[in-house]
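Below is one structure, written out as structure tokens, with a few remarks after it.
Nothing in this text is a laboratory measurement; each read-out follows from the coordinates by a stated rule. Predicted, not measured: the structure shown is a model, and the values here were computed from it. No Cβ is skipped: glycine too gets one built from the backbone with ideal geometry, and neighbour counts run over all protein chains shown.
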Amino acid sequence: MRFALLCAAVLATAPAFADELVAVNGADQVRLSDSPCSSEKVLSQISPRARAILRDARAVVQGQSFSACWAVDGEAAHLLYEDGDQGLIPLADFKQPASA
């Protein structure tokens, strides 16, 4: 519940961006989207009231792909992964992906 309140409090500070941002660390990467969270596995872990503030994310960690949702938490993106894990990544680490 505290996370839901925190997300609601910081939602107004979310950065504006077009479509997607990516943070890369070696072969690992996290992509943030401005679209509403669509991962049923993540949404089932969150109270219905908090679901509206979560945005979509995808991650590849050690070669394994994960669905995730995210919200701004101060100067970081707070990620909630489909397996129940959570993480924080500084917002400054995210950049616009290079065009293909």
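Taking amide H as placed 1.01 Å from N in the peptide plane, the amide H of ASP73 sits under 5 Å from that of HIS78, each at least 5 places away or on another chain. Packing, taken as the mean count of other beta carbons within 10 Å per residue, orders the peptides 73-83, 88-98, 44-54 from highest to lowest as 73-83, 44-54, 88-98. With the simple model of a label 7 Å out from the Cα in the direction of the Cβ, GLN29 to GLN64 spans 2.0 nm. One decimal place: the segment VAL22-GLN96 gains 26.0 nm when fully extended, by the rule 0.36 nm per residue minus the C-alpha distance.
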